[in-house]
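One structure below.
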Amino acid sequence: MITNISSDAMIIRLMPERRAWKELDFENLKWNVEKLSALLPEGCAFMAVVKADAYGHGAVPVSTYLNLIGVRAFAVATLQEGIKLRRAGIRGEILILGYTPPQEASLLISNNLIQTAADCAHARALNAAAPYPVKVHLKIDTGMHRLGERAEHIEEIASLFALPRLRILGMYSHLCAADSQEIDDVLFTRMQISSFLRTAELLRKKDCDPGKLHLQSSYGVLNYPDLPMDYARFGIAMYGVLSSPDAKLLGRVPLRPVLSLRARIATVRELKPGETVSYGRRFRADAPMRAATVTIGYADGLPRSLSGRELPALVRGRRTHVIGNLCMDQLIIDVTHIPEARPGDVVTFLGADGPCCLRAEEMAEKAGTITNELLCRLHVRDE
Ligand SMILES: *Cc1c(COP(=O)(O)O)cnc(C)c1O
């Protein structure tokens, strides 16, 4: 399906002959890794977050390429995602960010995966179930209240260091409002940072070595770049995308989107004034028009909530938009002003065509979500 991943073959086309497909631009991925690494202080390493099939980009091709350009630390959400990377030959550290049942400890060990200890109880259960020492990073709850042992439970956290079948290699926490510039959120984030650093300090005072420390994800680095950490966990920004539109931030850190999304024109037809398009008759032509039907729909991951929102599309380097409701397998675009449009023409929904480029931030905003959700739900069929 995917052939020839090397630094020479920078652009990998995933089945371009199909009705709809994604393209990955590995040169842009490399650019983003370099730009983001440059923000990090000396000694802080790049950890690539490739959960949810690398946010819809394909975890195996993305991680394989990252290995090739020297990335040595990865994070996934689940045990199965970690095993998939190992089976594909990915080298370096792989940290599972989510919960893994203690009964699966042998799989963690045999696949050389690092498990997050979701709290002290989980850490003790892993220790009890593991036949051999299992590698873990302890998670500390500094205010998100999702995973992690409460930062103030120092005695209980320190007691984990005596457990014989836990190899504690690191400790981390997660910021929950690092993207916000609101004063309340900035103060909360600073509290999270100091609570995490204090936890590490108190453990060291008790002769417990917390190992590698990490706290920031994409916005954590973009807004708080100078923290004394050993890793930064990059998800969305590594893919060249922010969660929501922010021209100022993109001006400062010029990220380049890795993913393009394209489909093809199936048919072109004339519309008479007053005729309507697609289910529900939500779009009505008020003058003679030409409409093209395109081979992609909401079953391929384009949110149906984009209906009626003038979702932009590019045809022959020119910009147009979707008209009427999106269907499961198809949608319809206006090509009145693109008279050369023909069946078989490529239609771009994300990425560049000629001088125009469509970004995921705008599509996600129109769909009422963030790019993280939009991208990880793009599942083009047959790919
Ligand atoms: C998903 C995730 C990340 C990556 O977040 P981005 O905002 O996409 O950079 C980092 N850390 C944890 C714990 C996560 O769950």
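What follows draws every value from the coordinates through simple rules; no lab data is involved. Please read all numbers here as calculations on a predicted model, not as lab measurements. A quick note on method: Cβ atoms are made from the backbone with ideal geometry, for glycine too, and the neighbour counts reach across all protein chains shown.
Any chance you could give the angle, 0 to 90 degrees and rounded to 10, that helix 120-129 forms with the longest Cα principal axis of the chain?
The answer is roughly 80 degrees.
Pull up all non-local amide H partners of ASP141: gap of 5 or more, or a different chain, and H-to-H distance under 5 Å with H placed in the peptide plane.
Amide H neighbours of ASP141: GLU149, ARG150, ALA151.
Beyond 17 Å, what percent of the Cα pairs of the range 161-207 remain? Could the numbers behind the result be given before it?
On the way: 521 of 1081 pairs.
Roughly 48 percent, rounded to a whole number.
Pull up all non-local amide H partners of ALA266: gap of 5 or more, or a different chain, and H-to-H distance under 5 Å with H placed in the peptide plane.
Result for ALA266 returns THR293, VAL294, THR295, GLY344.
Can you tell me the relative contact order of the range 263-383? Whole percent, Cα pairs under 8 Å, sequence separation 6 or more. It would help to have the intermediate numbers written out before the result.
Details: 267 pairs, mean separation 33.2, N = 121.
It rounds to 27 percent for the range 263-383.
Would you give the gap between the C-alpha center of the range 195-211 and the C-alpha center of the range 239-268, rounded to a whole Å?
40 Å
Short version: ³J(HN,Hα) in whole Hz for each residue of the range 197-208, in order, from phi by Karplus 6.51 cos²θ - 1.76 cosθ + 1.60 (θ = phi - 60°), x for Gly and Pro, what are they?
So the Karplus estimates, Gly and Pro as x, are 5, 5, 4, 4, 4, 5, 5, 4, 4, 9, 6, 9 Hz.
For the chain, what is the charge dipole size about the Cα centre, in debye to the nearest 20, if Lys and Arg each add +1 at the Cβ and Asp and Glu each add -1 at the Cβ?
Values: 47 positive and 43 negative charges, 153 e Å.
Magnitude of the dipole: close to 740 debye.
Label TRP31 and ASP382 with points 7 Å out from Cα along Cα→Cβ: what is the distance between them in nm?
About 3.0 nm, to one decimal.
Mind checking the full-extension length gain between ARG269 and ARG18? Use 0.36 nm per residue of separation minus the Cα-Cα distance, one decimal, nm.
Working: separation 251, 0.36 × 251 = 90.36 nm, distance 2.22 nm.
Between ARG269 and ARG18, full extension yields an extra 88.1 nm.
Averaging sequence separations of C-alpha pairs under 8 Å and six or more residues apart, then dividing by the length of the chain, give the relative contact order as a whole percent.
Details: 822 pairs, mean separation 61.0, N = 383.
Taking the mean separation of contacting Cα pairs over the length of the chain, I get 16 percent.
Let me check against my output: what whole-number percent is the relative contact order of the range 162-253, with C-alpha pairs under 8 Å and at least 6 apart? Write down the numbers at each step before the final one.
Working: 82 pairs, mean separation 25.5, N = 92.
After rounding, I find 28 percent.
If you average the C-alpha positions of the range 115-165 and of the range 41-113 separately, how far apart do those two centres end up, in angstrom?
20 Å
Filter the cross-link list LYS84/LYS366; LYS248/LYS366; LYS51/LYS366; LYS30/LYS51; LYS22/LYS139; LYS35/LYS205 down to pairs whose alpha-carbon distance in this structure exceeds 28 Å.
Listed pairs above 28 Å: LYS84/LYS366; LYS22/LYS139; LYS35/LYS205.
Can you compute the helix-only [θ] at 222 nm over the chain? Use -39500 (n - 2.57) per DSSP H run of at least 4 residues, normalise by all residues, nearest 500 deg cm²/dmol.
The helix-only estimate for the chain comes to -8000 deg cm²/dmol at 222 nm.
Can you pull out the trypsin sites (Lys or Arg not before Pro) in the range 33-114 whose DSSP state is coil and whose Cβ has at most 15 other Cβ atoms within 10 Å?
Sparse-neighbourhood loop trypsin sites (Lys or Arg not before Pro): ARG72, ARG91.
Shape call for the range 71-228 from the C-alpha gyration tensor, a ≥ b ≥ c root eigenvalues: rounded (a/c under 1.5), prolate (a/b greater than b/c) or oblate? Intermediate values should be presented prior to the final figure.
Numbers: a/c = 2.07, a/b = 1.34, b/c = 1.55.
Oblate is the answer for the range 71-228, as a/c is 1.5 or above yet b/c matches or exceeds a/b.
Can you classify the range 94-134 as rounded, prolate or oblate using the Cα gyration tensor, where a ≥ b ≥ c are the square roots of its eigenvalues, rounded means a/c under 1.5, and otherwise it's prolate if a/b beats b/c and oblate if not? Before the final figure, lay out the partial values.
On the way: a/c = 1.90, a/b = 1.10, b/c = 1.72.
Judged from the Cα gyration tensor, the range 94-134 comes out oblate (a/c at least 1.5, b/c at or above a/b).
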